[in-house]
Protein chains: 2
Amino acid sequence: MADKKITQSAALTAIDSLNKGLGFLERTFELGDIAQLNWNLLREDLSLPSAVLYEEKLRHNLNWMQQFITAYGVRLAPHGKTTMTPKLFQMQLQAGAWGITLATAHQTLVAYQHGVRRVLMANQLIGKENMAILSRLLEDSSFEFYCLVDSAAQVDLLGSFYAERGQRLSVLLELGVAGGRTGVRNEEQLQSTLNALSRWSGAIALSGIEIYEGVLEEEASIRDFLQHAVAVTRRLAAENRFQCAPILLTGAGSAWYDVVAEVFSAAKFGDAVEIVLRPGCYLTHDIGVYREAQAKIQRRNPIAQRMGSGLLPALQVWAYVQSVPETEKAIIAMGKRDAAFDAGLPTPALHFRPGDASPKMAPAHWALTKMMDQHAYMQIAAKDDLRVGDMIGFDISHPCLTFDKWRSLAVLNAEYNVVDLVKTYF
Amino acid sequence: MADKKITQSAALTAIDSLNKGLGFLERTFELGDIAQLNWNLLREDLSLPSAVLYEEKLRHNLNWMQQFITAYGVRLAPHGKTTMTPKLFQMQLQAGAWGITLATAHQTLVAYQHGVRRVLMANQLIGKENMAILSRLLEDSSFEFYCLVDSAAQVDLLGSFYAERGQRLSVLLELGVAGGRTGVRNEEQLQSTLNALSRWSGAIALSGIEIYEGVLEEEASIRDFLQHAVAVTRRLAAENRFQCAPILLTGAGSAWYDVVAEVFSAAKFGDAVEIVLRPGCYLTHDIGVYREAQAKIQRRNPIAQRMGSGLLPALQVWAYVQSVPETEKAIIAMGKRDAAFDAGLPTPALHFRPGDASPKMAPAHWALTKMMDQHAYMQIAAKDDLRVGDMIGFDISHPCLTFDKWRSLAVLNAEYNVVDLVKTYF
């Protein structure tokens, strides 16, 4: 893989003006040189709409979650599918993350090419070329990789592929719930999957247990599900089903990671089991679904309470007012192409008039009422001081589907200077 | 601009394995060399999920629309925001399109860098860096560009910017409707915008009239709106308000282009007015909102009826069945990251089991019931012949928000061979 990495290294750090949301680039630039251009959002150096990350808030969230997870004595493998931004993966690893969680073979390849060497693919690996991608990465013995299995049919596909190549793939058995997503539902599915794993034990190594509790909505049923995962882990360990030590036990999206940390750490497995949690949205947070989820965590979790501060929204999309055609309606030059809209529309947070000293808080009655591909309708009140050419900074709900609208995002300091650029790989 | 184009030309045609949905690339490839790799979808050479274009259907749609528009004696400037795929822009221009319609300064830059030299930006140009992007492109006298104005405030911003640079920007006056999006609503707004245009006549050249009828839903009100646009065009022409000849008159999204063609051509402007229509979704079409809109066009429009065939769905997303955890539920390895979900979920169209000779039609009772970021739930019936590892080809609704999930799309021939790759620039 070394040669391939070298041939691609220039592309990995290069940026050109064909990415939207940037300032003027006379030529292709290295990401690391961007700060030298002295772009400033408020001086209108960026072509809006533009998605931006706030450096200080990002660092606050990064450290907050690492501290929280560490307080439980468990490991953090942040879900990288949220941002698909390798530079943020590196920040997370440097802050103490155990590895990066991802959802697909392609995402794993992107992470590998950017230096990540431990990936938990919290998904079934399926399909010839996807298995081939992993086969090539596994040629590097420094690369540690786990993916999920939840059926004999899938284990047979993996077993046959990797046995033929003389390779061994580490997998986690996924437990699911009726009405949920993937994962074995019952003893029969569990047994047939275990039997398939036994058949392919040379090529497929059972290395732990995985759940995703986020398919459930009630705390009580989530706690039951977590206890079930603990019990299955104990039972399969007693049956010597696992082919690695320590055994992995992993769960947790961005809404219930506190409960998962509590239940899994209370199982007191000691060194025999490595507990790995996988929240992803904490890094940028939001003002929608994840603010709501985090508020519940702050209320119910003693460690979160002791930490005082919570998470901060670190991602905004800035856009211009392009028209105020009616007294109570402004049209914003931002649309479904620029921000998530599936879990609440973006919320006007800051209002800036070019030439002013700094942005003001947007009035609470401003709200988006509709988004089209490239436009949004914003409700205002008659006689609000809003003009064509004004800039609005929007908070967002659902970072995952906002990140995937952007190939690069500017990182801003407190003075709205662009201190860095990060590239995404969706 | 020539130097900049040269420095970027390599990047424009290069492709590497960090784009999802591709096959194995040992090194960076030129797009034009992809066919040599002999990838075939049914041999599982692509890393699914993968968005694919069907070459024959694409060519059918391309020619259908060009013929339809030509039959009315008007011009086609397909909306390029749908695909943001410069290679498709070139196909459209070669088939006879007058120019390409776009929505933002960034999109215009992308088109320019790929050789497009006539752009109708069917949107207000707003913001310092966006105006600067156009200022740089306008240094090339072979580049013809129009954008919209709908307020005195906006004209003043443009006028001041371009007057300072000694440049002249061609604009179209946008007419709007109460409750709609952008565009002047009434005589007062029209007059104040015209007055601003008079103030800046050295820097801003009024070149025509623009409407977007798609904000209305009823044919009768659309016809009224179109007649209004015709009347304003006549009136401003009589007042010698336009600073170019011929005057442009433009409208039409993908749902009402037949009515726009009919009403505008019936105005019998002759050579004095160039009528330009802007549908964008016709090129790939879909099986959702645009199939429904097109069915109405086939029913009401005599030219569409005479042409016999209509438009064909030319874009699919293929994905694997990763789990069948319940007798009536399959989990598909495709999610909101891979296909539009805002105008109906993707529809299972083809079912293929690796090793079989060819795909079958998917049973009509298969349907997606939910999409998450990276997964979809598919309703099946107990005892359906569906297995983990099977491939499903999904038709989609809303091509715009499917294209923007992909950085490259494979172009397939009738044997599912990858005969080309196209890159998108969102």
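Taken over the stretch B:274-301, the criterion of being open to solvent by less than 30 Å² (accessible area, probe 1.4 Å), more than 10 Å from B:A255 (Cα to Cα) and free of Cβ contacts under 8 Å to residues at least 60 places away in the same chain is satisfied by B:N301 alone.
From the list B:A261, B:A231, B:A255, the one residue that fits, being open to solvent by less than 50 Å² (accessible area, probe 1.4 Å) and not in a loop (DSSP other than H, G, I, E, B), is B:A261.
Residue-by-condition table, conditions (1) in contact with a Pro (Cβ under 6 Å, 6 or more places away or on another chain); (2) polar (S, T, N, Q):
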| position | (1), (2) |
| --- | --- |
| A:G270 | no, no |
| A:E274 | yes, no |
| A:L277 | no, no |
| A:C281 | yes, no |
| A:I287 | yes, no |
| A:Y290 | no, no |
| A:Q294 | no, yes |
| A:R299 | no, no |
| A:P302 | no, no |
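A:L409 fulfils the conditions (1) open to solvent by less than 10 Å² (accessible area, probe 1.4 Å); (2) not in a strand (DSSP E or B) except for a single criterion, (2).
Considering only the stretch B:167-187, state which residues are surrounded by 21 or more Cβ atoms within 10 Å (Cβ to Cβ) and of a type in the set (S, T, Y). The one that is surrounded by 21 or more Cβ atoms within 10 Å (Cβ to Cβ) and of a type in the set (S, T, Y): B:T182. Restricting attention to the stretch A:188-212 and to residues that are assigned to a helix (DSSP H, G or I) and within 14 Å of another protein chain (Cβ to nearest Cβ), the residue that is most open to solvent (accessible area, probe 1.4 Å) turns out to be A:E188.
Of the residues making up the stretch A:272-307, those that are more than 13 Å from the chain's Cα centre (by Cα), part of a helix (DSSP H, G or I) and within 21 Å of B:D373 (Cα to Cα) number 5.
For the stretch A:54-86, the set of residues classified as open to solvent by less than 50 Å² (accessible area, probe 1.4 Å) and either part of a helix (DSSP H, G or I) or within 10 Å of A:V418 (Cβ to Cβ) (or both) consists of A:L58, A:N61, A:L62, A:W64, A:M65, A:Q66, A:F68, A:I69, A:P86, listed by residue number. Please tell me if A:Q298 is away from chain B (no Cβ under 11 Å) and within 23 Å of B:L125 (Cα to Cα). No.
Within the stretch B:391-406, residues that are farther than 16 Å from B:A333 by Cα reach partners that are open to solvent by 10 Å² or more (accessible area, probe 1.4 Å) and part of a strand (DSSP E or B) with beta carbons closer than 8 Å, at six or more positions or on different chains, in the pairs B:S397/B:G344; B:S397/B:T347; B:H398/B:D342; B:H398/B:G344; B:L401/B:D342. Residues that are without any contact (Cβ under 8 Å) to a residue 40 or more places away in the chain, assigned to a loop (DSSP other than H, G, I, E, B) and surrounded by fewer than 21 Cβ atoms within 10 Å (Cβ to Cβ) do occur in the stretch B:338-354, at least one of them.
Of everything in the stretch B:363-383 that is over 30 Å from the mean Cα position of the chain (by Cα) and open to solvent by less than 40 Å² (accessible area, probe 1.4 Å), the residue that is nearest to the other protein chains (Cβ to nearest Cβ) is B:I380. Taking the numbered list (1) farther than 22 Å from A:M121 by Cβ; (2) within 11 Å of another protein chain (Cβ to nearest Cβ) in turn, A:V177 passes all entries but (1).
Among the residues of the stretch B:30-53, those identified as surrounded by fewer than 22 Cβ atoms within 10 Å (Cβ to Cβ), more than 15 Å from B:R407 (Cα to Cα) and not charged (D, E, K, R) are B:G32, B:A35, B:Q36, B:L37, B:N38, B:N40, B:L42.
Checking each residue of the stretch B:133-155 against the condition of being assigned to a loop (DSSP other than H, G, I, E, B), at the interface with another protein chain (Cβ under 10 Å from one of its Cβ atoms) and without any contact (Cβ under 8 Å) to a residue 24 or more places away in the chain gives no match. Taking the stretch B:392-403 as the range and being crowded, with 23+ Cβ neighbours inside 10 Å and at the interface with another protein chain (Cβ under 8 Å from one of its Cβ atoms) as the test, only B:C400 passes. Being of a type outside the set (S, T, N, Q) and over 28 Å from A:P399 (Cβ atoms) is true for just one of B:A410, B:A376. Which residue is that? Just a single option satisfies the conditions, and that option is B:A410. Here is the figure for the stretch A:322-337: residues that are open to solvent by less than 10 Å² (accessible area, probe 1.4 Å) and charged (D, E, K, R) total 1.
The set of residues in the stretch B:75-90 being touching a helix residue (DSSP H, G or I) at 6+ places or on another chain (Cβ under 6 Å) and over 19 Å from B:W406 (Cα atoms) consists of B:L76, B:P78. For the stretch B:43-53, the set of residues classified as part of a loop (DSSP other than H, G, I, E, B) and in contact with a strand residue (DSSP E or B) (Cβ under 6 Å, 6 or more places away or on another chain) consists of B:L48, B:P49, listed by residue number. Restricting attention to the stretch A:320-337, the residues that are within 7 Å of chain B (Cβ to nearest Cβ) and in a loop (DSSP other than H, G, I, E, B) total 3. Looking across the stretch A:156-165 at every residue that is out of contact with any helix residue (DSSP H, G or I) (no Cβ under 9 Å at 6 or more places or on another chain) and more than 14 Å from chain B (Cβ to nearest Cβ), the one that is least open to solvent (accessible area, probe 1.4 Å) is identified as A:A163. Sort out which residues of the stretch A:13-41 are hydrophobic (A, V, I, L, M, F, W, C), out of contact with any strand residue (DSSP E or B) (no Cβ under 6 Å at 6 or more places or on another chain), more than 18 Å from A:L315 (Cβ to Cβ) and not in a helix (DSSP H, G or I), and write them in order of number. Selection gives A:A14, A:L18, A:F24, A:L25.
Residues that are under 13 Å from the mean Cα position of the chain (by Cα) and not in a strand (DSSP E or B) occur in the stretch A:111-125; there is at least one.
The values are calculated or read from the model by the stated rules, or taken from the named source; none is laboratory data. Because the structure is a prediction, the values reported are computed rather than measured. Note that we place each Cβ from the backbone using ideal geometry, even for glycine, and neighbour counts take in every protein chain shown. Only protein heavy atoms, including side chains, enter the accessible area calculation; ligands, DNA and RNA are left aside. Shrake-Rupley method; radii C 1.70, N 1.55, O 1.52, S 1.80 Å.
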